[in-house]
Structures are given as structure tokens and as C-alpha cells.
Amino acid sequence: MCEKSDNHFGQAGQMKSSDGNFDQVEISECRDTIVVAACSTRLYRRRWLIVFLFSSYSLCNAFQWIQYGIINNIFMKFYNVSSFAIDWLSMIYMLTYIPFIFPVTWLLERKGLRVIALFAASINCVGTWIKVASVQPNLFWVTMLGQFACSFAQVFILGMPSQVASVWFGSDEVSTACAIGVFGNQLGIAIGFLIPPVLVPNVDDINELAQHISFMFYITAAVASLIFLLVVFVFQEKPEIPPSLAQVALRHMPTAQYSYLASISRLFRNKPFILLLISYGLNVGCFYAVSTLLNRMIIEHYPGEEVNAGRIGLTLVIAGVVGSLLCGIWLDKTKSYKETTLSVYLLSFVGMVIYAFTLNLGHLWVVFLTSGLLGFFMTGYLPLGFEFAVELTYPESEGTSSGLLNCSAQIFGIAFTIIQGKIINHFSTLAGNIFLCVFLLIGSIMTALIKSDLRRQKANSQPQTEGIADSSVNSQDGKSLPVKEGKM
């Protein structure tokens, strides 16, 4: 079971039972005279299963985002379409997200995490089987349809890491849990860079090429089907007892008090969040553009190196995975959200500059090194943005703030991919990468201007809950309720 706080609650009396534990404590909210129950917190071992299952279906979906782009030239030949058409098989992930994120976050608020997880896993599974049926040169529209289904599934996935972390994890591990959630997406992209060039070699025989593509699609469909079944039977909505004081406050908020549209309106009036919204979009949009166009950039300077292009992409993302996990652990230890976010952003800019000016030196080992440096900071920034947003916007829904961040990233991702692609075609890869460097510099400046108002940390550090109706928690002695890990 859980341990309960020895703190005194100022507004309502505390009742202590004979066994030394505190019974339920009632807290009156002065303004609205609302009486709520002050609940202790508890951590369940099952939380690790939930976050790793989420990471699994996120991985499967993210793999499919880049599986076409990293062998762009091969799919151009198979379907007899332009490189821009193949680019859209990646960009459709970004485009689909923009109109659907708002109804999906509304659904999250109304139905919860389990329903969202079921939608994500099932739609992703359907998309993979549609693509299995698209392995003919005249069926490009079918593969686009399957990719659209997978891109729609992504809307139910991309903004969820911070939501899963907040609902299931304690205040001292929430950033690490968010990083693990993002890890699934990053690892999926990494596998998407590595596996397609190996499974689908650049052969001239179209029938042989079809067999290789079909094999890749069947493997993806089988994995997606298995993950869907696991989600159906294993994924749980939320723990019975909340893991943190912030979640206690949110659970006691009256349902009638919450309005999705009012929440969106408040977020757009939050100036620090708006600065983060734009700067996050600039950083992640640059990452999307680099990932989508990586094959074209590498092949231009190193012809015939499709497999190494995939390995360079793998290096980019694996370094980012390490960066994400280290940043998550660092945040949980230090709570230095703005300082860490700004430092990583500036180093992303430096990494992009180095990558841009060394890509054409003629040495692949240099490209591996610089892409690893770039990925460590640029991809490592992802969970930092999520968690900083949750801090700036508490008690607004984590799904809503993360959804808006990702919407910004998709918009900038589409714009940067199209513009950088045109710059590469008409000028050079160097010019295209300098274009991205400029916007990373702008994003760094905007991040420096963000006022650090860590609202969730204030809620978790204050044991007296006053005014639950407006989800604020007043200070008592600066200590949060202790928690003990319980069984699943």
C-alpha cells in the first residue's frame, strides 16, 4: 500500500486512525465551498508495462514514416513516380496531423488513454495490411492510402508520451517516463532508417524488387497485428490511486468545470507557451526535413550509398535516443527545465552548422560523426519540449499542450521539407542546410525569451490543496506526499 503524508492540512481537520495512517481528509475550498477528498499517492509496477507498450506501438508507426523516404530512389523506380511524390509519403504524416489533432485531443479528454491507444494500434494495423496489397507498380495510390491510414494513427500517438507519464508516474520520474515514451518513436525512426535499405536492395528487376518490398510490408503488418492484440488485452486506462499530487488535484476537478475550447483559449493566451510552441516547431520541423531528405543529400555526394544513408539516419536517431534519456533523467534530478532546453537547443544549432559544412568533404566517417552529434541534441530535444510545455501550462491537459506542439512541428516540417527540397534542387545541399540553420538560430533566441514558470512543480511540492476548482495547490512545508511502489 501507499504511505500517507504526515503534513497538516490547514483548512480542514485531519483524522488519524489507530494504526497510524491518516483517514480521508476533507478540504474546503473557500471561494466555491467545494469539499473534496485529499488522496494519498501510489506508484504501481504496472506503469512500466504501460509505457513500454505505448513505446512499442509508437515504434511500429514511426518506422513506417521514413521507410519510403530512406530508399527514395528505389521507390521512384518501382512506382515510376517523382521524388516529390515519394517525399509526400513522409509528409502525409505531417499533413494529416494538423486537422485531426484537435478532435483527437478532445476525444482523449472525454474517453481517456485506453480508447486512444486502441484507435492508434488498430488503425496502424489496418494501414500496414493495406500496404501489403499495394506491391504493384501501378498501385501507388494504394500504398499512399495505406500510408494515410498509418499517418492517421500517428495522430493518436505523437502527443501522448507526456500524458502517459503524468497519469502513471510520480513527480520524480515523470520526465524519465516521458523520455521513454518518446524513445519508442525515435527507435522506430532509427529502425526505419536501417532496415529498408537492407531488405529492399537497389535491383533492376522489377519483379524481384516487388518481392523484397512485399517481404518488408508483411513483416511490418505482422508486428503491427501482434502489438494491436497486446494493447487490447494489456493496456489500462489509469491507476486506481494517482501517482502524484498534481494528478490528485486534476482528478478532483469537477467535470463540468473543464472546457476543451476554453483550455485551448487559455493556452493561446499563455505567452511563454506560445514562444515554446513556435521554437519547438522550428527545431522538430528541421529534424523532419533532414530525415525526409537524407537519402537525397547523401546520394548526391556519395552515389550508390543507399545502405550507408540508412546507417547515417540510424546514427542520427540512436544518438538522439541517448540524448533523450539522459535529458529526461537530468530533468528529474535538477528540474532545470529552461536551462536544459535552451542549452540543448543551442547545441542543436551548432550541430546543424557543423553537419552542413562537412557533408560534402567526401569522407563518410565524418558524416557519421556529425550526424551523431546533430541527432544527440536535435532529437534529444523532443522530450524536453514536451515536459517544459506541461510545466508552463499545468493544469491544462498534457495531451492538449503536446498536441499543439506537434501540430506546430508538422506545419514547419512540411514547409521546411518542401522549401529545402527546392533549394537542394536549384542550388545545393549546403544552401538547403544553411536555410535550416537560420531557423534554428531564431528558435534558440525565442527559447531564451521564455519565462520559466514551473506550475506543475509548484503543485507537486505543496501538500495543502486549496481551491481544487481552479487546480491550484497552496504551499505548506514544501514537501510532496511520499509514495511507495505497489504491486500491479
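A few points about this structure:
- Filtering region 130-153 to residues that are in a loop (DSSP other than H, G, I, E, B) and open to solvent by less than 10 Å² (accessible area, probe 1.4 Å) leaves only Ser134.
- For the residues Ser343, Ser324, the requirement of being among the polar types (S, T, N, Q), closer than 21 Å to Leu158 by Cα and under 20 Å from the mean Cα position of the chain (by Cα) singles out Ser324.
- When residues in region 253-273 are screened for being part of a loop (DSSP other than H, G, I, E, B) and at pLDDT below 65, 4 of them pass.
- For region 416-430, filtered to residues that are in a helix (DSSP H, G or I) and open to solvent by 40 Å² or more (accessible area, probe 1.4 Å), the residue that is farthest from Trp88 (Cα to Cα) is Leu430.
- Top-ranked residue of region 261-299 - restricted to ones that are buried (at least 17 other Cβ atoms within 10 Å of the Cβ) and among the hydroxyl-bearing types (Ser, Thr, Tyr), ranked as nearest to Gly385 (Cα to Cα): Tyr280
- Among the residues of region 197-209, those identified as in a helix (DSSP H, G or I) and surrounded by 15 or more Cβ atoms within 10 Å (Cβ to Cβ) are Pro197, Leu199, Leu209.
- Flag for Tyr57 being under 20 Å from Tyr218 (Cα atoms) and either among the charged types (D, E, K, R) or buried (at least 16 other Cβ atoms within 10 Å of the Cβ) (or both): yes
- Residues in region 103-114 that are surrounded by fewer than 19 Cβ atoms within 10 Å (Cβ to Cβ), in a helix (DSSP H, G or I) and touching a residue at least 24 places away in the same chain (Cβ under 8 Å): 3 in all.
- Scanning region 365-415 for residues that are among the β-branched types (Val, Ile, Thr) and in contact (Cβ under 8 Å) with a residue 24 or more places away in the chain, we see that the one that is most open to solvent (accessible area, probe 1.4 Å) is Ile411.
- Filtering region 65-97 to residues that are in a helix (DSSP H, G or I), hydrophobic (A, V, I, L, M, F, W, C) and open to solvent by 10 Å² or more (accessible area, probe 1.4 Å) leaves Trp65, Met76, Phe84, Ala85, Trp88, Ile92, Leu95.
- Any hit, region 343-359, residues being at pLDDT below 80, buried (at least 24 other Cβ atoms within 10 Å of the Cβ) and among the hydroxyl-bearing types (Ser, Thr, Tyr): no
- Within region 316-338, considering residues that are open to solvent by 40 Å² or more (accessible area, probe 1.4 Å) and at pLDDT 80 or above, the one farthest from Phe368 (Cα to Cα): Leu326
- Number of positions in region 154-180 that are over 16 Å from Ser324 (Cα atoms), out of contact with any Lys or Arg (no Cβ under 6 Å at 6 or more places or on another chain), touching a residue at least 60 places away in the same chain (Cβ under 8 Å) and not in a loop (DSSP other than H, G, I, E, B): 4
- Residue match in region 104-113 (condition: within 30 Å of Leu226 (Cβ to Cβ), at pLDDT 85 or above and not β-branched (Val, Ile, Thr)): no
- Set Phe183, Phe100, Phe119: member being among the aromatic types (Phe, Trp, Tyr), in a helix (DSSP H, G or I) and under 30 Å from Glu306 (Cβ atoms): Phe183
- Residue count, region 201-224 (criterion: within 27 Å of Val167 (Cα to Cα) and either over 22 Å from the mean Cα position of the chain (by Cα) or aromatic (Phe, Trp, Tyr) (or both)): 0
- For region 156-196, a tally of residues being buried (at least 24 other Cβ atoms within 10 Å of the Cβ), among the aliphatic types (A, V, I, L, M) and over 26 Å from Leu277 (Cβ atoms) returns 1.
The values are calculated or read from the model by the stated rules, or taken from the named source; none is laboratory data. Remember, predicted model here, so these are calculated numbers, not experimental data. Cβ: placed from backbone, ideal geometry, glycine included. Neighbour counts: every protein chain shown. SASA here: full protein model, heavy atoms, side chains in, ligands and nucleic acids out. Shrake-Rupley method; radii C 1.70, N 1.55, O 1.52, S 1.80 Å.
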